[in-house]
Structures are given as C-alpha cells and as structure tokens.
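Let me begin by presenting the structure, written as structure tokens, before commenting on it.
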Amino acid sequence: MARNLANEPARVAVMFRKMLVIRAFEEAAGENFFAGHIRGSVHQYIGEESIAVGICENLRDDDYLTSNHRGHGHSIAKGADPRAMMLELFGKVGGTSNGKGGSMHIADFSVGMLGANGVIADGCTISVGAAQAVKLLGQDRIVVNFIGDGGINRGPFMEALNWAKVYELPVLFVCENNQIAASTTTRLVTAGGGIAKRAESFDVPAITIDGNDLFAVDSTAGRVVSEIRNGSGPQLIQAMTYRLRGHFAHDDAGYRDAGEAEAALEHEPIRRTESWLLENGLSQDEIDGMRDEVKAEITGFVEDAEQADWPDPSLAFTDVQDVGAPIVPGAEQ
Amino acid sequence: MSEMTYAQAARLGLQEEMRRDPTVWALGEDLGYEGGMAGQYSDLQAEFGDDRIVDTPISESTIMGAAVGAAMGGTRPIAELRFSDFAMCAVDELVNQAAKARYMFGGQARVPMVARMPIGIRGGVAAQHSQSPEAWYTHVPGLVVVTPGTPAENRGLLKSSIRCDDPVVYMEHKGLWGMTGQVDESDQSAIPLGVARTVRDGRDITIVSWSAQVGVVSEAAAALSGEGISVEVIDLRTLWPWDREAVMASVSKTGKLLVVHEAVRVGGFGGEIAAEVAEELGVPVARLGGERIPIPFSIPLEEAYKIKSDRIAARVREMLA
Ligand SMILES: Cc1ncc(C[n+]2csc(CCOP(=O)(O)OP(=O)(O)O)c2C)c(N)n1
Ligand SMILES: [Mg+2]
C-alpha cells in the first residue's frame, strides 16, 4: 500500500537531508579532485540524489546493494559513513577500505553495500548471486542493483534479468536513465523500446518514473520493495534523471547542447524537494540551517581526511588471500 | 622530424593506415566526440565518417566478437577496449575465436584484427583500471602481443599491427600517453613486429624490459654507469614473437640477464625469457616484477607496488657482486 507522503513532512525532511549530504559530498569530492588532493577519477552523482535516497529509504540495513562507477550517492543512501568514504577518496587510513580501493570501489558491508564497481554491469550478475545466497540461507533480504542506461547494453545485464526471473530471485534492478554514457547519447546506441521493454521481455515487471521526483521514487520503491520481499520475483524501476555534471569531475561535458544543463536545473531533485518542504511546514531558515549543518559536517570530513595518516606501505601486501599470500614486509619474523 | 606525444603518434599511425587502406576501421566506446581516452582517435571520425570510426554501445563482447567477424569478412578492424581491464569482458571472443579461427578452420580463415587494450598504472585508478595482463596473451597460440614504449614506436608498431594478417593484442601504456618524442612524419614505414630495440649499449649485464618500465630501467642504467657498471638495455617492443636473436646475442656478450616488468612477477613474461636464456646460455638470470597483489589506490600503496630504479640498481649490483 502506497503511503501518502504528503502527510509525512518529517520523513521527507530526513530524505532531503540525505540528499544534501550526497550533494555536499560530491561537491567536496570534485573540489578536492581539482585541488589535487584526490587522485584518479571522481564520478559525481549530482542531480540524481533522489533516486538513491528514495530507494534506500525503503530498504533495511541488511538488504544488499550493488553499484557501479557512480557509487558515492548509493553508498551514502545505504548508510555508509560519509566520513570514512571521504577518507577513502583521499586514500587515507580510516577510509572504507583504508585507501586500497578509492572512489570506484567504495564498499561498506556492514550496511549491505557490496561495492561500487569499476566494470560496467558486473554488479548485475553479482546481485543475482547475492539473491541466490539469500534464498539458500532462507533470509528475507532483498538485493538492489543500480545500473546506468549505458550499462544495459552489456550482456551481463540481459543475462542477469533472465537469471533473476528463471530462479524468481528477490532482486530490484534500478536503472538510472540519465540518457548519457560518458560522452555518448545512449539513444543512439540502444535499439528497441528501451530499458523497461527489455525487462518486460523477460517477464520482469518494470515501471518508469521521474527519478528526480523524490515522492515518485519513494512511493514506487515502497511498493516494489515490499512486493519483492513478499516473493514477487525480480522487478525493475527505470528512474529518468539527468547528470548535471560531466561524466567525471575532469569532463567539461562539451558534447552537450548549450544551455541543456542549465535548463535541467529546474527539474533537479534538491530544488524540487525544497519547494515542497517550504510549502509543507518548513521555513527557509530551517532549510538553510540544515544545509549549513551538512556543509560544515562534510567540510569537517575533508579536514579529517587531509589530516589522517597515509597507510603504511606494508598494507599493500595484506588481504590478498590466505594460502599463497605475498610476504608482508616487516612481518617476516 | 616533429615532436609529438605517444597518443598523437598513435593517432597519426592510424590515420595513415586508414588513408592507405579503405578496409581499415575502428570500433569502440566514445571514439567520435571524445576521440578515445587520450585523443588517440581525435577528429578521425570527421575525416573517415562514422562507419569507419564507429561509436559502439557498452558491449565489449560484441566489440571484440564483431571485430573477429569483420576480419573474417575481409576488413581490418581495430577493436578499442579502452583498458585491458575491460578487455577481460571479451577474452572469450579473443582467445576462443580470434586466436584459433585460422588453425581450427585449417587455414581457411584469417583474422587480421587489432585488439587495442592499454595496460599499466596511470596513478590512482586502482585495481580494475591499472592491470598489466600482457603475459596472459603471450600464452595463447595464434596471438601477436605488442607493447610500444615510445611515440615513434607507437606509430610504427601500430601500423605493422594493422597490416598483420593475424590478430594482434596491442597494449599501449596509459602512463605514456603524454610522453613526447621525435617522429619522422615523412617516413611512412612501419616498424616490423618481433624486433627489439637496444636502448643502451653495455658490457656487464643485459636488462630486458618493455613498455613504461623501460624508462625506469634506463634511469637505473644511467645511475649504475656512474659507478662504472655498464648495462645493456633492451626494449622487447613485441612480446610475441619476442626477439630471441637480439636477446641471446646481448646476453652472450654480457653474460648476465635481468628481466624487469611492471606486471606481476609470478607467471609474468619475464619468467619465459629468463628460462629460455638460462636453458640456452647457462648464465645467471633474474627477474624483477610486481608483487602478486592487485594494484592498490592510495599513493604509498601504489608506490609500494612499483619497481623503482633503486631496486633495479640494487639487484644489478647483487648480480655483479
Ligand atoms: C565494461 C566497461 N566498459 C567501459 C567502461 C568505461 N565506462 C565507465 S562509465 C561509462 C559510461 C557509463 O554510462 P551509464 O551506464 O549510463 O552510467 P552513468 O555514467 O551515466 O551513470 C563507461 C563507458 C567500464 N567502466 N566498464
Ligand atoms: Mg547514463
């Protein structure tokens, strides 16, 4: 049964705050990338926050989530600690993987976050496997897999859909359709009636929603998650959205039509949710206060990350495997 | 002569081959607007059209498999996989199909394709974007494996890889994209496959290496020369076939061999060369390669993986002691 969210400003405020955390985290990640404090690549989730937050608000801590290269928002929404994530981006001790993984490999197994992924669509097959484990162990967890609109053209996506349906597994595929994959307009390289049609061709129920509408995401996820938990088998949500920034922080998105991103600002989820909150009991002061608080929190995490220790080089040689592991320097005796 | 980067030189080599032979074409993700991850395809779509520089879906198996079919069908495709790590999504098409078609079909099929898959550490892109799996492909009968180390070689070796009638695994090093060097544009000749280059002449020991690691080896050799140790440095350039003649001749002269590579030492291609040299010449051989760990993200951890010039120099001193 769909909840009437209009009556729950407190719930909306909680989700709004999480969206603000993701936004501030991503802004800080971008700034620190340009400042040279973060290496590699940083794929920001700016403009898509409502999807992760609206979905994850309907999950339990012990539900599983698999992600892709754009995984910071998914991780925060699932309950990963943004401070540990920031330390990870800086490659420091105390990061989610103590600096071994970085941005593309954020994971927090304590909250069911089974990992971002550097390889497109590999999360799809891992998800169906996690769901098989859930089934074997007689648990009632569900597994959520986030995939992009570009990722659906890899075989593992199609294989995983088929597989999830054949074994009636508790998997929710969430396709974040921002209509672009790196610099390629996905419409130009994607045949057929789209993502939902692909799912339906496997008898996997699919629904397309406005992903920037927090309420649509929240209420759809509420219904679908409970159906899956009650044995419906796999389902897919296609959340339409827009990537407000470049593919990664160092991409100026020059392939876009002039004015496109500016026009999209009107539909971006934080602004939309903020207007709703203003109409439903929160004052501008309260909202600004929340924003300042979140910013200060993230700034604190950045400072912590700057000051945190670099990992000892010997850490490079640990956690490879049990038998046949390399010798960890300094640990010979 | 003009100065250009490793990426620009590769672009030039491809452009020359595409002008020379209308059956040469490339397929991969983000080749048109983006021009490839380092500009190695920049503006080529404008010149040759979008059916010769093809922007594909994110479908690695089909990028590789389609190249196999297109090669059988009489064209010379270049399958661009962006990272050797993503090429692993298409190893089946490369190993079970491209490499074996000629043999299995009794010589009826030829697969003149280039599978382009950059290797190596570029700095902070971690375990799934930094690997050097070149040894995997040397193990597969039917494949040629090329690892260019300079701008001029990235042009000349790409040209001969495109002209090669068998499938070539072409492994540029991501850390070299910006490396500059002199390229003679008037000389359109290709650099033959299977021929090593002597980077530095020496008497006391031979160091064999390839790809970005050659630069580090050269630093070590320069440092050692200050101590009166004379190191001969050979860049293999092609791993399969490797230039046995050049390596044997050099080691026959120096009497000692050290092989150094960025890839993991265990099961690395250095082992093959060291074993061949030891069997044939019976001289002391040694290897330096990465520890058997995934490439970590954080700076001190990534640095701990690398084979630095001081370690190479120390190993040489040990071997000569
Ligand atoms: C197998 C594989 N191929 C290519 C890449 C390079 N790559 C990283 S992200 C990306 C685009 C992904 O687009 P989409 O799935 O729509 O996600 P978005 O970035 O829009 O969130 C590509 C091609 C990769 N990481 N893995
Ligand atoms: Mg996309």
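The values are calculated or read from the model by the stated rules, or taken from the named source; none is laboratory data. On a predicted model such as this, the values are computed, not experimentally measured, just so you know. In this analysis, Cβ positions are derived from the backbone assuming ideal geometry, glycine residues included, and neighbour counts consider all displayed protein chains.
Computed quantities for the displayed model
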item	result
Within the stretch A:128-152, tally of residues that are more than 14 Å from every other protein chain (Cβ to nearest Cβ), within 14 Å of the chain's Cα centre (by Cα) and β-branched (Val, Ile, Thr)	2
Test: residue in the stretch B:58-69 that is closer than 26 Å to B:Gly290 by Cβ and either among the small types (Gly, Ala, Ser) or away from ligand 1 (no atom under 16 Å from the Cβ) (or both)	no
Selected residue (criterion: nearest to the chain's Cα centre (by Cα)) from residues of the stretch A:99-127 that are touching a residue at least 60 places away in the same chain (Cβ under 8 Å) and more than 7 Å from chain B (Cβ to nearest Cβ)	A:Ser103
Residue in the stretch A:153-160 that is within 16 Å of ligand 1 (Cβ to nearest atom) and touching a Lys or Arg at 6+ places or on another chain (Cβ under 9 Å) present	yes
In the stretch A:169-225, the residues that are hydroxyl-bearing (Ser, Thr, Tyr) and within 16 Å of ligand 1 (Cβ to nearest atom)	A:Ser183, A:Thr184, A:Thr185, A:Thr186, A:Thr190, A:Thr208
Answer from A:Arg17, A:Arg83 - the residue that is assigned to a helix (DSSP H, G or I), of a type outside the set (Phe, Trp, Tyr) and either within 14 Å of another protein chain (Cβ to nearest Cβ) or over 30 Å from B:Pro300 (Cα atoms) (or both)	A:Arg17
Listing of helices (runs of 4 or more DSSP H) fully contained in the stretch B:237-315 that carry 2 or more residues being touching a residue at least 60 places away in the same chain (Cβ under 8 Å) and within 12 Å of chain A (Cβ to nearest Cβ)	B:299-305
Pair list, Cβ under 6 Å, 6 or more apart: the stretch A:180-197 residue facing another protein chain (nearest Cβ under 7 Å) and in a loop (DSSP other than H, G, I, E, B), other residue acidic (Asp, Glu) and within 11 Å of ligand 1 (Cβ to nearest atom)	A:Ala182/B:Asp30; A:Ser183/B:Asp30; A:Ser183/B:Glu34
Scan of the stretch A:157-177 for residues that are more than 16 Å from ligand 2 (Cβ to nearest atom) and in a helix (DSSP H, G or I), ordered by number	A:Met158, A:Glu159, A:Ala160, A:Leu161, A:Asn162, A:Trp163, A:Ala164, A:Lys165, A:Val166
Odd one out for A:Asp319, checked against (1) free of Cβ contacts under 8 Å to residues at least 60 places away in the same chain; (2) within 14 Å of another protein chain (Cβ to nearest Cβ); (3) under 30 Å from A:Ile142 (Cβ atoms)	(1)
A:Gly254 within 14 Å of chain B (Cβ to nearest Cβ), within 26 Å of A:Ile51 (Cβ to Cβ) and within 24 Å of the chain's Cα centre (by Cα)	no
Restricting the stretch B:219-236 to residues that are assigned to a loop (DSSP other than H, G, I, E, B) and among the hydrophobic types (A, V, I, L, M, F, W, C), the residue that is farthest from the chain's Cα centre (by Cα)	B:Ile229
Single condition A:Ser103 does not satisfy, out of (1) under 30 Å from A:Thr318 (Cα atoms); (2) within 11 Å of ligand 1 (Cβ to nearest atom); (3) touching a Gly at 6+ places or on another chain (Cβ under 9 Å)	(2)
Odd one out for B:Ser209 among (1) touching a strand residue (DSSP E or B) at 6+ places or on another chain (Cβ under 8 Å); (2) assigned by TED's automatic domain parsing to the domain that holds B:Met88	(2)
Qualifying residue in the stretch A:132-146 (condition: modelled with pLDDT of 95 or more, in contact with an Asp or Glu (Cβ under 8 Å, 6 or more places away or on another chain) and within 16 Å of ligand 2 (Cβ to nearest atom))	yes
Those helices (runs of 4 or more DSSP H) lying entirely in the stretch A:235-315 with at least 2 residues at pLDDT below 95 and surrounded by fewer than 12 Cβ atoms within 10 Å (Cβ to Cβ)	A:260-264
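Residue by residue, here is whether (1) within 25 Å of A:Gly150 (Cβ to Cβ); (2) touching a helix residue (DSSP H, G or I) at 6+ places or on another chain (Cβ under 6 Å); (3) among the aliphatic types (A, V, I, L, M) holds:
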position: B:Ala9; (1), (2), (3): no, yes, yes
position: B:Leu12; (1), (2), (3): no, yes, yes
position: B:Thr56; (1), (2), (3): yes, yes, no
position: B:Ile63; (1), (2), (3): yes, no, yes
position: B:Pro77; (1), (2), (3): yes, yes, no
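Per-residue answers, yes or no, for (1) farther than 15 Å from A:Asn58 by Cα; (2) β-branched (Val, Ile, Thr):
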{"position": "A:Ile209", "(1), (2)": "yes, yes"}
{"position": "A:Thr220", "(1), (2)": "no, yes"}
{"position": "A:Asn230", "(1), (2)": "no, no"}
{"position": "A:Gln238", "(1), (2)": "yes, no"}
{"position": "A:Asp252", "(1), (2)": "yes, no"}
{"position": "A:Arg256", "(1), (2)": "yes, no"}
{"position": "A:Ala261", "(1), (2)": "yes, no"}
